[in-house]
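The values are calculated or read from the model by the stated rules, or taken from the named source; none is laboratory data. Everything numeric in this text was worked out from a predicted model, so none of it was measured. Ideal geometry is used to build each Cβ from the backbone, glycine not excepted, and the neighbour counts take in all protein chains shown.
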Ligand SMILES: [Ca+2]
């Protein structure tokens, strides 16, 4: 722990910095590679000379255009400012007036800090998606709630615009960019943003939060593991915490469905067929026929039951299709049966009709258009998976028996799988994890494994002090919808926990129809509890349900 002294116009701000030397993290894996991990030269800085008008009696509502533009002349080690502009309130998007300060730290790590004139005294860091590569502009969750909102490009920019965040070519034999993407950029940006915020408002943020989904969920956990001082509250949604495993599980799925860039052996009709058969077999296991499976681990439907009989070619599956579904549920394994990453759960196969790419249809390749998952795993294997990249790598050549361990090196840079949250707990930090049971991209079982690993290491009571896990029935990856209620206010739940000590035991979750109208609410219960029907009232109304231990569910 070091302290950064910020002094201006008589006001002294002490900003604590964690200086976790992650050189030890990578010491075993980067001999001879001249890279920077997460160290940062911290020196006391006196900004009184550069920001003269800021007095000691500032409130949170004094910033102006002139004050904002003055941020351009800030002198902070390792930071360059490229723009500082007061942006007007936008009634259409619900965003308040804010000062937008952007630039680079450590030469290549782009950052953006948006500080609303009317400030809630808190910082909100928005995580990235995919392989990142630009500032994530969808910061409305934070800014619209009057947070000072922060984003980073994670140290690189998208090189292939058509691929956007699916592009990984920036990582071609670029270890520094890989490390920055893996964990360094978020940490350094968080540190810098705290300084910028304190200087702009004249007072530091009272609370800071990290909110990420998918890649951002992994970023959240990596921060919790390595740099727990950075934030007070952490949200990890549908986390790609086992980055290597999640990406290679996509390779496994592409092999299962015999994918080419624009074809495969599974169609939307096949998904409907299997999805309906799954519900027929398993919907009622939880005691309520509602189109949802409360705990899909209890569903033992076998797609082989849909194998075409001789002469029958409709409403059935070919042998290859049966095998494809079985492989997807199984997840990647070696020929000896060693499980490398868990498979998908049953109950998410039917497209929810809210848009292409939702649910399992998101892995299907259509003519002229490879799916996002096809591209992600293809890019991963070309540019990120191996210590030395081969940009011409053919993903079809990947062998799960022998090649998985060849990705261990990069996994150590990219994965957030360390279950040691001892320091996180000691510091009193809070972590809210959510995941959909019907996640088509990242198996929720991997998140459950991680949670179990943490609990085994930390102890049940300590885990309850610090971590809550929510697994939503019928919810797809992140904000992609799903047949189950999938919209809930985790930010407010986490705020209540961090700021008031009210631990989140349940959240009200809502499902929206095609027109955006709510058509079902349900409590989303903290694991291991599940929502139990009270026996009367609408099954579309949350008040008809209570959170209860799974053993209370009578089959
Ligand atoms: Ca059910």
Are any of the residues in segment 207-228 assigned to a helix (DSSP H, G or I) and within 16 Å of the ligand (Cβ to nearest atom)?
no
If I filter segment 236-259 for residues that are touching a residue at least 60 places away in the same chain (Cβ under 8 Å), away from the ligand (no atom under 16 Å from the Cβ), within 23 Å of residue 445 (Cβ to Cβ) and assigned to a strand (DSSP E or B), do I get at least one hit?
yes
Residue 205 surrounded by fewer than 24 Cβ atoms within 10 Å (Cβ to Cβ) and in contact with a strand residue (DSSP E or B) (Cβ under 6 Å, 6 or more places away or on another chain):
yes
Could you run through segment 267-307 and say how many residues are within 16 Å of the ligand (Cβ to nearest atom), over 22 Å from residue 541 (Cα atoms) and not in a helix (DSSP H, G or I)?
3
Where the second residue is assigned to a strand (DSSP E or B) and within 16 Å of the ligand (Cβ to nearest atom) and the first is without any contact (Cβ under 8 Å) to a residue 60 or more places away in the chain and within 30 Å of residue 276 (Cα to Cα) and lies in segment 456-477, which pairs have Cβ atoms under 8 Å and are six or more apart or on separate chains?
470/524; 470/525; 471/436; 472/436; 472/509; 472/524; 475/436
Any residue at all in segment 156-169 that's at pLDDT 95 or above, under 23 Å from residue 71 (Cβ atoms) and surrounded by fewer than 24 Cβ atoms within 10 Å (Cβ to Cβ)?
yes
Of the residues 537, 516, which is over 18 Å from the mean Cα position of the chain (by Cα), in a loop (DSSP other than H, G, I, E, B), modelled with pLDDT of 95 or more and over 20 Å from residue 233 (Cα atoms)?
537
Name the pairs whose Cβ atoms lie under 7 Å apart, with the first residue in segment 284-308 and closer than 20 Å to residue 511 by Cβ, the second in a loop (DSSP other than H, G, I, E, B) and within 7 Å of the ligand (Cβ to nearest atom), and 6 or more positions between them or separate chains?
286/293; 286/294
Test: residue 235 is modelled with pLDDT under 95 and under 30 Å from residue 71 (Cα atoms)
no
Going through (1) buried (at least 23 other Cβ atoms within 10 Å of the Cβ); (2) touching a strand residue (DSSP E or B) at 6+ places or on another chain (Cβ under 9 Å); (3) outside any strand (DSSP E or B) one by one, residue 440 fails only at (2)
